1. Pull out all pairs, ordered by first then second residue, where Cβ-Cβ is under 6 Å, the residues are six or more apart or on different chains, the first lies in segment 34-59 and is under 25 Å from Tyr9 (Cα atoms), and the second is at pLDDT below 70.
2. Does Arg145 satisfy the criteria of being loosely packed, with under 14 Cβ neighbours inside 10 Å and touching a residue at least 40 places away in the same chain (Cβ under 8 Å)?
3. If you take the residues in segment 134-151 that are part of a loop (DSSP other than H, G, I, E, B) and either at pLDDT 90 or above or in contact with a strand residue (DSSP E or B) (Cβ under 8 Å, 6 or more places away or on another chain) (or both), which one is nearest to Gly101 (Cα to Cα)?
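The values are calculated or read from the model by the stated rules, or taken from the named source; none is laboratory data. Worth saying up front: this structure is predicted, and the values here are computed from it rather than measured. Positions of Cβ are generated from backbone atoms using ideal geometry, with glycine treated the same way; all protein chains shown enter the neighbour counts.
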Amino acid sequence: MHEEKQCPYCGEMVKSVAKKCKHCHEWLDGGLFSKRSPLIRIALPVILFVALYQFFAVFASFKMMPCLKKKFLPKEYSDESGLKVHSHKVSKGKRNIDILGQIKNTGSETWRSVKVEAEYFDKQNTFVDTKSDYISGAVPAGEERNFKISFYGASEDPRYDHYTVKIVSARADR
């Protein structure tokens, strides 16, 4: 027969080999899931905070809480942002058509994840193809960044007559 010891939490007697008190259900070895464990006392509130933050961020992204969206979520690109396609030109190789260009940030914010898109059209102005590229790194206020968008195998295709280039998305640091 096993000896008994007193539970440090409720004071009832339990077997000395017991891992958990049968009266108060506390872990006797100070396990990770004890109510008094640092995991429960510190980590659980942090996990709950992060979960609530994500919950409200999702609602803010659906415009249900615009005040949270404005304060916590990244600012999205718009034509008034000061981020513009500064220049661009076509470079034709044996097989590819490359569009080489620069974007310029004339605004006051730093932009990241800038996506530049080129669309090609034929002589009748019918859409032919589209390609896009992300500009790596940040584009701080007052600076320029280069981009290259390649249309593979398009050099010999007569449908590729003229193109447009635009910024389709970016995120500003808050």
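1. Here the result reads Leu39/Leu32, each pair linking segment 34-59 to a residue that is at pLDDT below 70.
2. no
3. Going through the qualifying residues, I end up with Glu143.
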